[in-house]
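In what follows, a single structure is set out as structure tokens and then discussed.
All of the numbers you see were taken from the coordinates with simple rules; none came from a lab. Since this is a predicted model, take the numbers as computed values, not measurements. Glycine also receives a Cβ, built like all others from the backbone with ideal geometry; neighbour counts cover every protein chain displayed.
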Amino acid sequence: MAEKNVQRLPAEELFQREIDALISAETDPIPTGWRMSPRSVLTYIEGGATVKGVDITPKYMGNRRLVEIAIATLVTDRALLLIGEPGTAKSWLSEHLAAAVNGDSTKVVQGTAGTTEEQIRYSWNYAMLIAKGPCPEAMVKSPVYRAMETGSVARIEEISRCASEVQDALISILSEKRLSVPELGLEVPAQKGFSVIATANTRDKGVNDMSAALKRRFNIVVLPTPADMQTEMDIVQTRVAQLSAGLDLNARQPELDTVEKVVTIFRELRGGVTLDGKQKLKTTSGVLSTAEAISLLANSMALAGSFGDGSIAPGDLAAALQGAVVKDEDKDKISWKEYLENVMKKRGSAWLPLYRACRELNGK
């Protein structure tokens, strides 16, 4: 398949020019198994520099020290666990760390209720197993197994969604840095550079709590929601531009005023209070995260490009807001209506077209 027809490229391909520039300009010591130094990984993540004529774009906009801690953890023999609310860029940061360190972010295990221990360790091609018996050719290696063999980073997304016995399959791997294959009489040692980056959602706390033994094998970094309005707007603008570049939306980028409106609504409903702190609000059941704001604006662009003139209109934004905010028809519809009447309606002429479009969709 031609590269231009791929819906989503991995980070190491999407930002290959930046990675290559950083590698070619490297002057600091490079840890075994890495492609660039920790300082260069930080530059790749934080952006804001020009290396050999290539502008390094920001991948994560947040606390610099947290990123430094995450990178430093990967130099040690401890695994990294990124924890945060939904939409705090845990997976995004995880992918870019793996891309910068190894040039391969695709060794991924997606944690779900159906994830099995075999997906963490290894499984078998059963047709070949029956024909030949246990042999290396019949083995299906997991992403973690392949990362151990090659001395690279494996990613485990939403680890708290996995059952406890599946999580605990990691304990011996992270402790001993070896994986036992009793069927073949093998002990597979991890090569230098091997590490694991896991992510966990605070909304899933209590679903499958990690054991104390497993937590001790991780260095935990908590990623907060964007601290201020401007930071969140910058994140949303940057990611909408990146996301829409790979899609045929046929629409113009959202105006700054549009981004500001969306971020304002999300921050207020998320916090249960208006930005000026003067009015308390009912929160909604949906996860009004930064990632949701990015998806909302991309959806608005799709509506504008497909059924409008290519510029996001109040009706396009209202339709996307309705879908994002009203998840529980009974509770959220009432909370959203109160917000429209008590907050948005009173914000003056600049907000009036959006208010009217939202009110019409939500029911008068």
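Modelled this way, with points 7 Å down the Cα-to-C-beta line, the labels at residue 356 and residue 219 are 5.6 nm from one another. Using the Cβ-Cβ distance between residue 175 and residue 346 with R0 = 45 Å, the FRET efficiency computed as 1/(1 + (r/R0)^6) comes to roughly 0.15. Sorting 129, 275, 249 by the number of Cβ atoms found within 10 Å of their own Cβ, with the fewest placed first, yields 275, 129, 249. Here is the size of the chain from its Cα atoms: Rg then Dmax, 23.1, 75 Å. Treating r as the C-beta distance of residue 27 and residue 241 and R0 as 22 Å, the FRET efficiency rounds to 0.10. Distance from the Cα centroid of the stretch 133-173 to that of the stretch 33-82 is 25 Å (rounded to whole angstrom).
Each of residue 124 and residue 20 was given a label point 7 Å from its Cα along the Cα-to-Cβ line. The distance between the two points is 4.4 nm.
Could you list 135, 358 in order of exposure, starting from the residue whose Cβ has the fewest other Cβ atoms within 10 Å?
Numbers: 135 14, 358 25.
So the ranking, lowest neighbour count to highest, is 135, 358.
If the segment from residue 168 to residue 228 were pulled out straight at 0.36 nm per residue, it would be longer than the present Cα-Cα gap by 17.8 nm. Stretching residue 184 away from residue 77 to a fully extended chain increases their span by 35.8 nm, per 0.36 nm per residue minus the current alpha-carbon distance. With a simple spin-label model that places each label point 7 Å from the Cα along the Cα-to-Cβ direction, the separation between residue 248 and residue 334 comes to 4.5 nm. Taking other C-beta atoms within 10 angstrom as a stand-in for reagent exposure, 128, 139 fall in the order 128, 139, fewest first. Taking each residue as 0.36 nm, the span from residue 135 to residue 309 lengthens on full extension beyond its C-alpha to C-alpha distance by 56.6 nm. Charge dipole of the stretch 1-124 (Cα centre as origin; +1 on each Lys and Arg Cβ, -1 on each Asp and Glu Cβ, all else neutral): 140 debye, rounded to the nearest 20. Among the listed pairs 52/90; 90/337; 215/282; 59/261; 280/333; 90/327, which are separated by more than 26 Å between their Cα atoms? Violating the 26 Å limit, Cα to Cα: 52/90; 90/337; 215/282.
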